[in-house]
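Asks: Here's a structure for you.
Computed from the coordinates by the stated procedures, all read-outs in this text should not be read as laboratory data. These numbers were taken from a predicted model, which means no experiment stands behind them. Note: ideal-geometry Cβ built from the backbone for every residue, glycine included; neighbour counts use all protein chains shown.
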């Protein structure tokens with residue numbers, strides 16, 4: 001970095017920091033509590049009036065079934081945000097802990113982070129971590145590839161699901177069944193309505209591995225949201241079997257979860273270096289389609305076949321090093337304790353075989369002692385699915 005560029009970066013950092021300390025921003029993240037399993041969703045919205053910061057906080061239980069809203073007051077002191085929930089505005093019952101927190105402001109190339117410890121009267125303490133991106137007001141990049149999974153209410157397993165959206169309102173979807181059917185690619189159209197909802201309409205099946213299998217032609221309503229390191233599209237779908245137009249051909253409905261990673265330049269460069277080395281050694285391309293953040297470097301990775309066990313055999317690479325070799329994926333979970341050696345870590349699913357139902361898809365969970373996060377990775381003999389695992393530390 002030359003001197004002029006370095007000065008520009010520092011000035012930009014001060015501008016972003018000043019904007020954050022003036023309030024008028026939404027911080028999103030999680031909180032934990034001693035003795036309680038899992039992490040609570042937690043967000044605050046602050047605004048400034050007459051030099052004072054006030055706003056609202058929302059907390060949601062780890063299972064997503066319960067939530068509460070609070071009125072809050074805050075003040076900046078020496079790079080720390082002193083935060084106090086002083087009233088629970090909803091629901092009337094049950095009453096939640098009114099938290100008081102001292103949160104340290106940390107700067108990263110792509111985001112600002114608030115993290116620290118909270119306490120409350122007659123409650124066990126815990127931790128809070130929230131973030132906003134430096135460029136959080138940018139438009140969501142709807143165009144491009146979205147990767148995730150799809151569920152169906154009459155199935156005990158999920159489907160790997162991927163969409164490629166084009167600027168002209170068309171696109172394709174790709175689905176892999178862990179039961180019968182194999183895989184298929186659909187043609188679709190999409191549009192965003194005045195409420196911001198994304199409407200997805202599959203039109204026809206372009207290709208499929210099992211000519212006799214009838215796929216659902218799906219319609220989905222997806223909501224868009226921004227998280228620290230990814231965009232997320234999530235919602236419900238319904239549909240009809242191929243060739244059916246009446247209610248008799250209706251498919252059991254389900255849900256869709258898709259994500260598009262946001263990789264800071266430093267992470268993208270490091271990932272590209274690993275991808276080039278992997279391609280040289282293995283002759284395959286890496287697709288980093290998922291991003292997970294973990295609270296500590298000691299984690300537990302588990303893998304299993306979340307559908308029908310069909311003989312998938314896989315190898316796992318972490319930062320270019322093999323941590324599991326030629327493992328035949330089973331229904332039961334196989335656990336691998338790992339100590340991460342870097343802030344940004346790339347876990348690659350290398351397919352050794354595709355089983356009886358190509359491609360190779362496995363469920364992967366990452367547990368950091370605070371929460372467990374689960375994704376579905378998909379690989380074939382030309383491309384390997386991967387996830388970026390990024391560490392942070394509570395000060």
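Asks: Where a ≥ b ≥ c are the square roots of the eigenvalues of the C-alpha gyration tensor, would you call segment 279-353 rounded, which needs a/c under 1.5, or, failing that, prolate if a/b is larger than b/c, or oblate? Provide the component values of the computation, followed by the final result.
Replies: Numbers: a/c = 1.87, a/b = 1.21, b/c = 1.55.
Here segment 279-353 falls in the oblate category.
Asks: Moving to a separate point now. With Kirkwood's inverse mean 1/r over C-alpha pairs for Rh, give me the Rg to Rh ratio of segment 144-261, two decimals please.
Replies: 0.95
Asks: Could you compute the FRET efficiency for residue 86 and residue 170, with r as their C-beta to C-beta distance and R0 at 45 Å, rounded to 0.05?
Replies: My answer for the efficiency is 0.30.
Asks: In addition: Taking neighbour Cβ counts within 10 Å as the exposure measure, how do 112, 106, 223 sort from fewest upward?
Replies: Details: 112 22, 106 16, 223 13.
So the ranking, lowest neighbour count to highest, is 223, 106, 112.
Asks: Still on this structure, I have one more. Please order 376, 256 by the number of other Cβ within 10 Å, starting at the fewest. Working shown, then result.
Replies: Values: 376 26, 256 23.
Going from sparsest to densest Cβ surroundings: 256, 376.
Asks: Restricted to Cα positions, what overall size does segment 310-369 have along the principal axes? Three whole-Å values, descending.
Replies: Each principal axis gives a Cα extent; for segment 310-369 these are 37, 23, 15 Å.
Asks: Would you order 159, 86, 257 from fewest to most other beta-carbon atoms within 10 Å of each residue's own beta-carbon?
Replies: Least crowded to most crowded, the residues run 86, 257, 159.
Asks: Is the shape of segment 265-391 best called rounded, prolate or oblate, per the rule: a/c under 1.5 gives rounded, else a/b larger than b/c gives prolate, else oblate, with a ≥ b ≥ c the square roots of the Cα gyration tensor eigenvalues?
Replies: oblate
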